[in-house]
Amino acid sequence: MVGKSKAISHGINNLRYIMGESKNKKHPEKIDFICTQHLPLGLDAMGVWESMLASLAGHDKLKNTLIQVELSPAKEHTKHFTVEDWKLLWMDFIEEFDKQTIKDKNNNLKSKPTNLVGSKAVVCLHRESKGEIPHLHGGVCRVDEDGNVNNDHEIHIRAQRAAEAVAKKRGWATAMDVRTSNAEHITNICMSTLKDMPRWSWEDYVARIERTEGENLKVKARTDSQGNVKGYAIICGKAKYKASELGKNRSLAYSRLAATWSRLHPVSVIKQEEARPSTSRSVNKVNTISTTLPINRKHLLLEEDKQHNMPRKDDTRKEGSTLKGSYTTWTPDRRPIDIDVDGTKHHLYLPKDVLQLFDDIFDYREVDNWKPLTNLACAYFAALLAPDEQISVGGGSSNNTGWSGKKDEDELDYARRCAQMAKSKLGVRKKSSGLHR
């Protein structure tokens, strides 16, 4: 059940809306009178408002004079409700509403309770919504019958808490229960979409989500000034679900989507199912810069990269060959980045997917030395640095023949090996477990 409330200044207009007298109401016949409080029966909207104005006398500085309330239980809970049942639901709600107090972080009283029970009010049942879900609309005078002003501080929170309390008392699903259930459903759709995608593509992911049969989902991306996606949310009706709320361990957050897709599609399986286009890498002769970074952990390979550890007969790159990156110009699928090599900065444009992969592997929320790791991995990828000749990616032999990009190797696979070599050289320092994820 959902409860909403706010203090408003347009009292008479809201009363006309509640009681079906507004010209904007297309189906006033679908509005039923439920009850009034401290008001005589038979009054129209103007009569109710004039009676409330009498209670508001002496409070001329009070701008928001009416409390607007909406109470919407699930349709299945009220399909057999009579007028008396709806009246009882309203009374249960405002009793819980009046119990609510707002406290600060030190548990000190911040806002005193309200007295909606002791205030003039009119309540009607509306059934004219698109889904024809019955819901209550109430208009409550801001000043009670004792002349006290009903507190409107964080009034929307009071309504939410009151609705939750009534729903729990009656054994109904709360708004949080519904949201949690919907989030799980959307998570399943997202994971199924990722499984069905033959290759990772943000555009394809969005298109597939929005085309999901039987659902009305929209993906709203959050971008920076350069148009790069920084996050997204999925809109379901009027509800909005941030990607960080979906999946386990933020697995569907934009920064982790590519990694989640990769886990669902092992490299060996992908290459059996489809022939993926290789990315050519130009090789021009420049001075090779060797690294002198210390090694403080064993050199490990990701499972999907083991197949690349053996030299190939057709590999033209031999030990000691000179390397050069080909990422000096901007294209729509690249992002600018500055790479520091021995104090010299190189301004390059690396593929967005590659930089996103490094962001996922060296997550700044979990890895303390993410900056030097990312810098070194980028330097390897752009061929600004070659691995130390004494270091083997596999941890055994010191022969690095064939380590750099191979003719038929996918760009992301090569980037993973660059990240792994960076880990082997620098080690990974995890942040303390006390950080919130």
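Rule-based calculations on the coordinates, nothing more; no lab input. Since the structure is predicted, the reported quantities are computational estimates derived from the model, not experimental observations. Neighbour counts are summed over all protein chains in view; Cβ atoms, including those assigned to glycine, are modelled from backbone coordinates with ideal geometry.
The slack in the chain from residue 82 to residue 263, taken as 0.36 nm per residue of separation less the alpha-carbon distance, amounts to 59.8 nm. Rounded if a/c is under 1.5, else prolate if a/b beats b/c, else oblate: with a ≥ b ≥ c from the C-alpha gyration tensor eigenvalues square-rooted, which is the stretch 2-172? Note, shape of the stretch 2-172 comes out oblate. Shown for 248, 431, 425: other C-beta atoms within 10 Å of each C-beta, ranked fewest to most, produce the order 248, 431, 425. Gain on full extension, evaluated as 0.36 nm per residue between residue 133 and residue 369 minus their Cα-Cα distance, stands at 79.6 nm. Look at the Cα gyration tensor of the stretch 148-240: its axes a ≥ b ≥ c give a/c of at least 1.5 with a/b at or below b/c, and that counts as oblate. Loop-located trypsin sites (Lys or Arg not before Pro) in the stretch 34-120 (DSSP state not H, G, I, E or B) with no more than 11 neighbouring Cβ atoms inside 10 Å: 61, 63, 79, 105.
Each Lys and Arg Cβ is given +1 and each Asp and Glu Cβ -1; about its Cα centre, the stretch 2-172 then shows a dipole of about 640 debye. Here 17, 327 are placed in order of increasing Cβ neighbour count within 10 Å, fewest first, which gives 17, 327. The distance between label points at residue 195 and residue 431 comes to 3.2 nm (points 7 Å beyond Cα on the Cα→Cβ vector). A DSSP coil position with no more than 10 other Cβ atoms inside 10 Å describes the following trypsin sites (Lys or Arg not before Pro) in the stretch 167-232: 211. The slack between residue 223 and residue 184, meaning 0.36 nm per residue of separation minus the straight C-alpha distance, is 11.5 nm.
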